[in-house]
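Following this message is one structure expressed as structure tokens.
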Amino acid sequence: MELADRLQSRYDFNTPIFVDEIFEVMGGYSRPRIYQLIAEAVEQKRLLRFDNGVYYLPTKTVLGYSKLNPQKVVEKKYIAYRDRVYGIYGGVWLLNAMGFSDQVPVAVEVLTNNETMRYREVTVGHLKVILRRARIPINAANVGIFTLWELFNLLAPIVMNNAMDYSKVIAFILERHITAQEILSYTNFFPARAAKNLINSGVLNAII
């Protein structure tokens, strides 16, 4: 079976496929041979290269072959893939999602387990990405709680007041069945300002 056929049995079209995943799929072949097969598939347009070490199975359109969305690469590499979760969007994106900002972010900010540095900037396609090492390991069980704490760490105390609308935050908590006790169990992992903002918001009182 050709390389592209094997990949199609595991991956959707227009989905990032990392070279290590190709090595896994083509187990039994030597690395030089796998690179040769990759080159052949790329030449045939059955596999396209997005960036160094990142490929995808393209679809044909009236305008030519499809382009891979760089945000898909960011999500798979730094946030989540299938049932594994290892990061979240932060910064302005998170504030927008929770209804506290309508700014257009100049960069995508991500907090992730898959980064060893406290701060690093990279470019993925046309996207500028700010990577931050997660304060604690993020997983499917705690991603909602981590997101809440990161939100309240971002909010500036000077703009916190009773007029702020926390309805999206409360809905986020209730949809994920997160309890006040679970939220408070992470207090020691975040700065004091985050705890102060959380308590002053009244959100905990709304979910008890």
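Every number in this text was worked out from the coordinates using simple rules, so none of it is lab data. Treat the numbers as computed from the prediction; the structure is a model and nothing was measured. Counting neighbours? That spans all protein chains shown, and the Cβs are built from the backbone with ideal geometry, glycine included.
Under the rule of -39500 (n - 2.57) per DSSP H run of 4 or more residues, summed and divided by the residues of the chain, what mean residue ellipticity at 222 nm is obtained, to the nearest 500 deg cm²/dmol?
Per the formula, -10000 deg cm²/dmol.
Of 168, 60, how do they rank once you tally other Cβ atoms within 10 Å and put the fewest first?
Neighbour counts put them in this order, fewest first: 60, 168.
In whole Å, largest first, what are the principal axis extents of the Cα atoms in region 3-65?
37, 21, 20
For 148, 63, what's the fewest-to-most ordering of other Cβ within 10 Å of each Cβ?
With the fewest neighbours first, 148, 63 line up as 63, 148.
Contact order normalised by length for region 3-65, with contacts defined as Cα pairs under 8 Å and 6 or more residues apart; what percent is it?
Averaging sequence separation for qualifying contacts and normalising by length gives 41 percent for region 3-65.
Diagonalise the Cα gyration tensor of the chain and give the resulting equivalent ellipsoid semi-axes, square root of 5 times each eigenvalue, largest first, whole Å.
Equivalent ellipsoid semi-axes, largest first: 41, 17, 15 Å.
Follow-up question, since we're still on this one. Around residue 138, with a cut-off of 13 angstrom between Cβ atoms, what is the net charge of the other residues, counting Lys and Arg +1 and Asp and Glu -1?
+2
Identify which of 191, 137, 70 has the largest mean-square fluctuation in a Gaussian network model of the chain, with springs joining Cα atoms closer than 10 Å.
Comparing 191, 137, 70 in a Gaussian network model of the chain, the most mobile one is 191.
Quick one: net charge around residue 10, please, counting Lys, Arg +1 and Asp, Glu -1 for every other residue with C-beta under 14 Å from its C-beta.
It works out to a net charge of -3.
Same structure, new question: Determine the distance separating the Cα centre of region 167-208 from the Cα centre of region 113-160; give it in Å without decimals.
17 Å
So what's the angle, to the nearest 10 degrees on a 0 to 90 scale, between helix 192-201 and the longest Cα principal axis of the chain?
That helix lies at roughly 70 degrees to the long axis.
Mind pulling the angle between the C-alpha long axis of helix 31-43 and the longest principal axis of the chain? Nearest 10 degrees, somewhere in 0 to 90.
90 degrees
Tell me the angle of helix 143-154 to the major Cα principal axis of the chain, expressed in degrees between 0 and 90 and rounded to the nearest ten.
60 degrees
Let me have the relative contact order for region 64-208, percent, based on Cα pairs under 8 Å that are six or more residues apart.
Computed over region 64-208, the figure is 20 percent.
Of 22, 37, 9, whose Cα points farthest to the positive end of the dipole of region 3-65 (charges on the beta-carbon: +1 Lys, Arg; -1 Asp, Glu; origin at the Cα centre)?
Looking along the dipole axis, the top candidate is 37.
Of all DSSP beta bridges located in the chain, what percent are antiparallel, nearest 5?
Percent antiparallel among DSSP bridges in the chain is about 75.
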